[in-house]
1. Evaluate the following for A:Thr56: is it over 15 Å from A:Leu219 (Cβ atoms), part of a helix (DSSP H, G or I), open to solvent by 10 Å² or more (accessible area, probe 1.4 Å) and more than 12 Å from chain B (Cβ to nearest Cβ)?
2. Collect the residues in region A:128-142 that are in contact with a strand residue (DSSP E or B) (Cβ under 8 Å, 6 or more places away or on another chain) and assigned to a helix (DSSP H, G or I), keeping them in residue-number order.
3. Any idea how many residues of region B:50-60 are open to solvent by less than 50 Å² (accessible area, probe 1.4 Å) and of a type outside the set (Val, Ile, Thr)?
4. Do any residues in region B:265-287 that are in the same structural domain as B:Phe246 (by TED's automatic domain parsing) and part of a strand (DSSP E or B) have Cβ atoms under 6 Å from those of residues that are open to solvent by less than 10 Å² (accessible area, probe 1.4 Å) and among the acidic types (Asp, Glu), where the two are at least six apart or on different chains, and which pairs are they?
5. Taking the options B:Ile99, B:Ile81, B:Ile47, B:Ile73, name whichever one is more than 28 Å from B:Asn282 (Cα to Cα) and surrounded by 14 or more Cβ atoms within 10 Å (Cβ to Cβ).
6. Only one of B:Ser131, B:Ser93, B:Ser135 is among the polar types (S, T, N, Q), free of Cβ contacts under 8 Å to residues at least 40 places away in the same chain and surrounded by 19 or more Cβ atoms within 10 Å (Cβ to Cβ). Can you tell me which?
7. Among (1) of a type outside the set (Val, Ile, Thr); (2) farther than 24 Å from B:Val82 by Cβ; (3) out of contact with any helix residue (DSSP H, G or I) (no Cβ under 9 Å at 6 or more places or on another chain), there is one condition B:Asn126 misses while meeting the rest; what is its number?
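The values are calculated or read from the model by the stated rules, or taken from the named source; none is laboratory data. Only a predicted model underlies this, so the values are computations on that prediction, with no experimental measurement involved. Here the Cβ positions follow ideal geometry from the backbone for every residue, glycine too, while neighbour counts run over all protein chains shown. Heavy atoms of the whole protein, side chains included, go into the accessibility calculation; ligands, DNA and RNA do not. Shrake-Rupley method; radii C 1.70, N 1.55, O 1.52, S 1.80 Å.
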Amino acid sequence: MLEIKNLHASIDDTKILKGLNLSVSAGEVHAIMGPNGSGKSTLASVIAGREDYDVTDGEINFGGSELSDLGPDERAREGIFLAFQYPVEIPGVSTTNFMKTAVNQVREANGEKPLDAVQFLKLMKEKMKLVNIKQELLSRSINEGFSGGEKKRNEIFQMAMLEPKLAILDETDSGLDIDALKIVSNGVNALKSNENATVVVTHYQRLLDYIVPDFVHVLMDGKIVKSGDKNLALELEEKGYDWIKVKN
Amino acid sequence: MIDASELKDSVENENDLVTKEIKTKSLKNIAPSFKNYREEYKYTPFIRRIEKKFSSFNPSSDIKNHEEYRELIPDSEKYYIVIVNGSFLKQISSLPVEIEINNYKGLTKENREIFNSTYSKTDDSNFDIFSTINSIQHQNCLTFRINKSTVLDGKISIYNIVDSKNPVYFRKCFHIGKNSKVSFSEKFIYTSHESYFSNSVTEIFMDENSNLNYFTDQNINKNYHYNSINVFQKKDSISNFHTYSFSGAIIRNNLNIKLTEKNCYANMYGFYAIKNSSHIDNHTSVDHIDESSISNEHYKGIVDKDSNGVFNGKIYVRQKAQKTNAFQANNNILLSDSAKVNTKPQLEIWADDVKCSHGCTVGQLDEDALFYLMSRGISRKDATSLLLSAFSTDITDKIEDEDIRENYELMILRELEELNHE
């Protein structure tokens, strides 16, 4: 589904990704772990198409098409979703209005009819349950004045609305207490299927107790230096990232 | 330069005694007003541009067949006032019975006395050269008398039609009686797409506990416009000004509010979306003269390529005006490297027990917000539209009347659609 080969990316002439390879197939959950500044969030942003980053070499192939010429909106329509580490607050635009525009633009791009108000509301109600989010929160300005937990739940709600093929969760656990973490993880797990894939970017092993990965990759200095199964995460938690540094 | 002999002739030729007195006084004000020009028009080269376009400041009074003007009024309007080239066309206006609208020169003695205390008494013709010229060159002052305890639902629209190659002068005086509540919506309509010039001066006297909503919208393509609104508020009165500007070769708005007694409330809201090399300048001032009054000002604008926005907000708090609350904000979004905004708050406070705040911002579209919206599948164009219209909502939200608010929201959406090119 996702095939990344020799990816090099930089921001303002600072090289961050230095030849990264990653292959994700449908039905899989991958965890990307790594210390601060290793390039985890950059990877997430580059896949989603953030224009601040320059891809200087390598390729990202998604579902058979090369992504580098596509804008973030086009990538989203292809089925890529990024749950933000820091969801943006947008005064004056309600989440409901935002999602209605987004869902219908994605549908249109895929040759489906736009949802009318009634259909949309029905879909929204159904997805709201998944992350235990209230309607009044969604009729407010996007993320404005939301608590950390509410923001992350809103991310997963949007993911549920858009039903992406590939979901990238960028440090979704940061700033969450244990209850919120459970709600968010349950949401992600409920959306999992054989058709879609999830990439979880995280610092800590904690999240992986709830969203169990098939593969764990360690990202250091812009490259994946080690891959394994979920036990790798436990080992990292115990021994720290220095353990890998020493080994290399 | 301004041709003084031409202005002198205008004074000489005036037959009405009171008007002649006003014009004589204004003639003497030419020099003092000119002194302020350099500072007050620092970013708006208005006089130079007008002088290049027009050989004379003399007005025109030519008026075509009335039916042609009637066609400019939408069917949806209930009450409307049609003024063409400064002359009130009563025949094709639709007036509510509650309000007396007449030319000053045709007033009864009683009404004359009411307006004599305000006519050219509260305007800025001793300060701004364009108002000085208006005071000298206007031919008719249209008076609006709203008797005490008159409460009018809905709005009265004022259509100022500019249909002349010569400068056009509009002059109005409002007297809003005690405990009255009214709404006016003023539009400036030019029959040409370019190069016409109109100069409008309005004085509004608000008696105790009166309530006024005043809307102005300006979308005049490549024409020129000067507009000075001067308000004099008595105790417990509430004024709400809503100014929407979209295009104009140069538009200059002066909004001057004097809160002369206790417990006045003045709200000034403005929104501009400037495109097609337009230049829009909002100069406001609010003068807190007595204690416990509140003024609230918020102007927001979006400026497109090669266009210019100017904002200057003065707040005066006099020594006697303790317990004043005065707030001011001006926020701008520049859509292009060649868009420009000059914004300046100007506060002068003599009282010591007051709450004042001000803030100006000039920025660009928030790229983080844009990326966030686009990452959900929304195109750049639609994401931009969403953000820009969201930017305008805290101004349109201030419109109490739902129909009027929706009308302005739609107007803004249409304008943003044109602004938002890929």
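1. For A:Thr56, the condition - over 15 Å from A:Leu219 (Cβ atoms), part of a helix (DSSP H, G or I), open to solvent by 10 Å² or more (accessible area, probe 1.4 Å) and more than 12 Å from chain B (Cβ to nearest Cβ) - is not met.
2. Passing the criteria: only A:Leu138.
3. The number of residues fulfilling the criteria is 5.
4. Taking only residues 6 or more apart or on different chains, the pairs are B:Met268/B:Glu297.
5. Answer to the check: B:Ile99.
6. Working: B:Ser131 fails: free of Cβ contacts under 8 Å to residues at least 40 places away in the same chain; B:Ser135 fails: free of Cβ contacts under 8 Å to residues at least 40 places away in the same chain.
When all the criteria are applied, what remains is B:Ser93.
7. Against the list (1) of a type outside the set (Val, Ile, Thr); (2) farther than 24 Å from B:Val82 by Cβ; (3) out of contact with any helix residue (DSSP H, G or I) (no Cβ under 9 Å at 6 or more places or on another chain), B:Asn126 comes up short only on (3).
Every residue, every condition in (1) basic (Lys, Arg); (2) surrounded by 14 or more Cβ atoms within 10 Å (Cβ to Cβ); (3) touching a residue at least 24 places away in the same chain (Cβ under 8 Å); (4) out of contact with any strand residue (DSSP E or B) (no Cβ under 8 Å at 6 or more places or on another chain), yes or no:
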site: B:Ile2; (1), (2), (3), (4): no, yes, yes, yes
site: B:Ala31; (1), (2), (3), (4): no, no, no, yes
site: B:Phe34; (1), (2), (3), (4): no, yes, yes, yes
site: B:Tyr37; (1), (2), (3), (4): no, yes, yes, yes
site: B:Tyr43; (1), (2), (3), (4): no, yes, yes, no
site: B:Asp62; (1), (2), (3), (4): no, no, yes, yes
